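Single-structure report; data block below.
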Amino acid sequence: MNTELVLFGVFAVMTLVSAGLVITARSPINSAMSLVSTFFFLAGIYVLLWAHTVAIIQVLVYAGAIMVLFLFVIMLLNLGDAPHRGRPTVTRILGGASAFGLLAVLAVTLGRTNAMPADLSLPEQATFGTIAAVGQSIFTAWLLPFEAVSLLLLVAMVGAVVVAKSRI
Amino acid sequence: MVPITYYLLLAAALFCMGMFGVLVRTNALVVFMCVELMLNAVNLTFLAFARMHGDGIGHVSAFFVIAVAAAEAAIGLAIVIAVFRSRGSVNVDDIRTMKH
């Protein structure tokens with residue numbers, strides 16, 4: 001048992017447990033807090049994958065900014081616990097069953113495939129996954145998509161104000 | 001070294017949990033949170049394949065997914081607030097104006 005496998009196991013189990021709590025929690029606040037911990041454990045897994053930059057962005061943007069927005073809206077709406085679980089309609093039962101079916105299909109396929117190399121010990125470039133390398137890639141090859149994303153965020157910001165405000 | 005298949009299995013499990021939540025939960029806010037779970041599963045897959053190929057493009061894709069998720073959360077929560085203001089509920093079963 002090497003350290004990396006142990007760390008992966010701990011992070012993976014904690015991620016799945018937190019994600020399960022997101023789905024099963026009665027109150028939206030508990031869901032949101034479980035989602036924050038899911039994001040933190042996923043950031044740990046990203047570090048194991050040598051994606052340090054994405055791990056930092058995950059903690060800053062997801063666990064920070066987006067979850068603050070979620071908590072702010074939950075507090076603003078002042079919802080209590082779910083008074084009743086919605087009736088299990090046919091649509092809902094079929095939906096849940098199809099989620100389990102997809103999981104089964106994916107697990108069987110991934111278990112069977114031989115295309116994946118068993119070990120990842122490629123010659124590791126020293127710059128792989130660093131802020132310098134990812135930034136270099138974004139600002140040269142992916143500059144236009146980056147600018148498009150900035151425009152998208154501006155439009156989303158203005159649109160959110162327009163939709164949420166009762167009278168402009 | 002952790003085999004790449006483990007990462008992909010974790011991503012598949014996370015995606016299916018998010019899908020289950022989207023299809024089963026009735027609270028619109030929790031549905032949004034489950035969409036975020038699915039986006040994170042996709043990010044994990046991107047990063048696992050980036051690690052497998054030693055290529056940085058997966059990291060750039062994950063960055064863009066996170067940016068689009070931020071925009072989606074802002075717009076979606078604004079819509080939730082607007083619906084709550086007009087209907088007094090965030091239960092997706094109560095919102096069926098566009099159904100017929």
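The values are calculated or read from the model by the stated rules, or taken from the named source; none is laboratory data. It should be emphasised that the depicted structure is a prediction, and the values quoted were computed from it without experimental measurement. Don't worry about glycine lacking a Cβ; one is built from the backbone with ideal geometry, like all the others, and counts go over all protein chains shown. All accessible areas refer to the heavy atoms of the entire protein, side chains included, with ligands and DNA or RNA removed. Shrake-Rupley method; radii C 1.70, N 1.55, O 1.52, S 1.80 Å.
Just one of B:Phe20, B:Phe49, B:Phe32 is within 7 Å of chain A (Cβ to nearest Cβ) and touching a Gly at 6+ places or on another chain (Cβ under 8 Å); which is it?
Numbers: B:Phe49 fails: within 7 Å of chain A (Cβ to nearest Cβ); B:Phe32 fails: within 7 Å of chain A (Cβ to nearest Cβ).
Criteria check complete, one pass: B:Phe20.
I'd like to check something: does segment A:1-18 contain any residue that is over 20 Å from the mean Cα position of the chain (by Cα), within 9 Å of chain B (Cβ to nearest Cβ) and either open to solvent by less than 60 Å² (accessible area, probe 1.4 Å) or at positive phi (or both)? Break it down stepwise before answering.
At the first step, the residues of segment A:1-18 found to be over 20 Å from the mean Cα position of the chain (by Cα) are A:1-6.
Next, from what is left, pick out any that are within 9 Å of chain B (Cβ to nearest Cβ): A:2, A:4-5.
After this cut, where a residue has to be either open to solvent by less than 60 Å² (accessible area, probe 1.4 Å) or at positive phi (or both) as well, the list is A:4-5.
Taking every residue of segment A:1-18 in turn, at least one turns out to be over 20 Å from the mean Cα position of the chain (by Cα), within 9 Å of chain B (Cβ to nearest Cβ) and either open to solvent by less than 60 Å² (accessible area, probe 1.4 Å) or at positive phi (or both).
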Within segment A:46-56, restricting to residues that are in a helix (DSSP H, G or I) and in contact with a Leu (Cβ under 7 Å, 6 or more places away or on another chain), the one that is nearest to A:Ala19 (Cα to Cα) is A:Tyr46
Subset of segment A:49-62 (residues that are touching a helix residue (DSSP H, G or I) at 6+ places or on another chain (Cβ under 6 Å), more than 7 Å from chain B (Cβ to nearest Cβ) and either open to solvent by 20 Å² or more (accessible area, probe 1.4 Å) or under 19 Å from B:Val31 (Cβ atoms) (or both))
A:Val59
Which listed residue, of B:Val42, B:Val83, is more than 7 Å from chain A (Cβ to nearest Cβ), hydrophobic (A, V, I, L, M, F, W, C) and more than 27 Å from A:Ala12 (Cα to Cα):
B:Val83
Every pair of residues 6+ apart whose Cβ atoms lie under 9 Å, when the first sits in segment A:50-67 and is more than 14 Å from B:Ala50 (Cβ to Cβ) while the second is among the aliphatic types (A, V, I, L, M) and open to solvent by 50 Å² or more (accessible area, probe 1.4 Å):
A:Ile56/A:Ile131; A:Met67/A:Met33
